[in-house]
1. Do any of LYS93/LYS188; LYS141/LYS188; LYS71/LYS101; LYS162/LYS225; LYS26/LYS162; LYS108/LYS176 go past 29 Å between their Cα atoms, and which?
2. Are there GluC sites (Glu not before Pro) in region 57-131 that DSSP puts in a loop and that have at most 12 other Cβ atoms within 10 Å, and which ones?
3. Taking H as built 1.01 Å from N, whose amide H comes closer than 5 Å to the amide H of ASP41, not counting residues under 5 places away?
4. By DSSP, what percent of the beta bridges with both residues in the chain are antiparallel, rounded to the nearest 5?
5. Looking at region 133-231, which chymotrypsin sites (Phe, Trp or Tyr not before Pro) are DSSP coil and have at most 14 other C-beta atoms within 10 Å of their C-beta?
6. Just flag the chymotrypsin sites (Phe, Trp or Tyr not before Pro) in region 1-94 sitting in loop per DSSP whose Cβ has no more than 12 other Cβ atoms within 10 Å.
7. At 222 nm, what value in deg cm²/dmol follows for the chain if DSSP H runs of at least 4 each add -39500 (n - 2.57) and the sum is divided by all its residues, to the nearest 500?
8. If you place +1 on the Cβ of every Lys and Arg, -1 on the Cβ of every Asp and Glu, and leave all else neutral, what size is the dipole of region 1-75 about its Cα centre, to the nearest 20 Debye?
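Each reported figure results from applying straightforward, stated rules to the coordinates on display, with no laboratory input. Source: prediction; values computed, not measured. Virtual Cβ from ideal backbone geometry, glycine too; neighbours counted across all protein chains shown.
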Amino acid sequence: MKVFAHRGASGHFPENTKSAILEALKIGVDGIEVDIQSAIDDYMLIHDSWLDRTTNGTGKVNEFDAVTIAKLDAGNGEYVPNLQQLLDWNNDKTLLNLELKHTFELEKLAIQLEYNISMGKISRTNILVSSFDHHQLLWLKNRLPWLKIGVLTSSIPISYAKFAEDLNAYSVHVDKNFVNKAFANDAKQRGLKIYAYTVDKEQDIALMLEYGLDGIFTNYPAQTKAYLQSL
Ligand code: G3P
Ligand code: CA
């Protein structure tokens, strides 16, 4: 079962920050999940539409430019990185899961990804874009047919299969509370990887293993890997 660092190694470092991402790379996770919001002029790694919860700033992310946001404290003296910094830090051995939150101007995102690939910073196969907004995913998949797409679902995913098919998706990302063996088998039969979020407790990890999931998102990737290795 693959281990994804959720918002980086966010159990020990401020979420979606450089230290959380570098720690995940050091641990040697299979993947790193980050959240992407649009600022006025850039893509920022931050979960909420608002700056308030995770930084000492206040207001909506999309009303500020990247330089202004980067001056804020995102916890322990960390700053809010932009997408390019993540692409610069990545080792191209780890799957980067970009979860699109409120993101705009997807053409710019497509160009940035293609540019980084052409510069040898990251391979196509190491980029996985997911979102609860399946329309954004559809647009991106049409623009970048090679892109791995993750269909995010937050509750009982009645219509996930239709979206996954329309998107020619790579994976389905499910809330751990709404997954079971039948759902996992159904996804696998459709040729989809199935990953659950956010799985931190040993009893939940064991359950996801029992369901036959392909991977989990966890805030504690080092402990999760150690637990899996101990089994
Ligand atoms: O990508 C999986 C998971 O992170 C989705 O929920 O709220 O943690 O972004 P959230
Ligand atoms: Ca997320």
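1. Numbers: LYS93/LYS188 24 Å; LYS141/LYS188 21 Å; LYS71/LYS101 22 Å; LYS162/LYS225 33 Å; LYS26/LYS162 38 Å; LYS108/LYS176 33 Å.
Cα-Cα > 29 Å for LYS162/LYS225; LYS26/LYS162; LYS108/LYS176; rest within.
2. Working: sites: GLU63, GLU78, GLU99, GLU105, GLU107, GLU114; in loops: GLU78, GLU105.
Here the sparse-neighbourhood loop sites are GLU105.
3. It is ALA66, by chain and number.
4. Values: 5 of 37 bridges.
Close to 15 percent.
5. Answer in residue order: TRP146.
6. When the chymotrypsin sites (Phe, Trp or Tyr not before Pro) of region 1-94 are filtered for loop state and at most 12 Cβ neighbours within 10 Å, nothing remains.
7. Computed ellipticity for the chain at 222 nm equals -10000 deg cm²/dmol.
8. Computed charge dipole of region 1-75: roughly 240 debye.
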